[in-house]
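Take a look at the structure below.
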Amino acid sequence: MIKFKSLNQSKQFVELLKKSKLHNKYFTIYFGKNSKNITKNFHRYLNISFVMKKNIGNAVIRNKIKRKLKSAVQKILIEKKPIDLNYTYIIFGKNNVYKDKFSLILNEVGNTFKKIKQT
């Protein structure tokens with residue numbers, strides 16, 4: 001089972017925000033290759049952080065958006081779809097995640113990780 005590991009230090013976030021990014025209707029994802037000091041056991045951990053802006057609803061809505069995105073990534077990992085563990089990801093959720101169905105979000109997350117794997 002692959003566990004999620006969140007970024008903790010602000011310098012890790014700043015470093016990753018300068019790297020590649022992809023936009024879509026539901027989220028913006030920033031990604032970059034793992035540096036040596038971030039991961040030690042990278043075969044068992046997926047370095048991913050889910051972030052929400054404060055201007056998107058109240059805390060209940062923001063947490064629901066994070067939970068939907070997190071469960072979509074977990075479902076993709078269970079289905080053995082391609083998520084490269086050698087990358088670190090930051091996902092900024094958007095308000096459309098709260099409104100739309102989970103199946104649409106799951107398809108979009110899967111397509112985005114396929115694009116990242118191809119690059």
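What follows draws every value from the coordinates through simple rules; no lab data is involved. Just so it is clear, the model here is predicted, and its values are computed rather than measured. Cβ sites come from the backbone with ideal geometry, for glycine too, and all protein chains shown count toward neighbours.
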With -39,500 (n - 2.57) per DSSP H segment of 4 or more residues and division by the full residue count of the chain, the 222 nm estimate, nearest 500 deg cm²/dmol, is -13000 deg cm²/dmol
Just going by the charge dipole of the chain, with Lys and Arg at +1 and Asp and Glu at -1 on Cβ, which of Ser10, Tyr26, Thr88 is farthest out on the positive end? Ser10
Ratio to report: Rg/Rh of region 57-116, with Cα atoms as the point set and Rh obtained by the Kirkwood method; give two decimals. 0.97
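Work out the length of the dipole vector of the chain about its Cα centre, built from +1 on the beta-carbon of each Lys and Arg and -1 on the beta-carbon of each Asp and Glu, and round it to the nearest 20 debye.
In total the dipole reaches around 140 debye.
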Provide the FRET efficiency to the nearest 0.05 for the Asp100-Gln74 pair, computing r from the beta carbons and using R0 = 25 Å. 0.85
Residues with amide H under 5 Å from that of Phe4, placed H, sequence gap 5 or more: Leu46
Using only the Cα atoms of the chain, what do you get for the radius of gyration and for Dmax, in Å? 13.7, 39
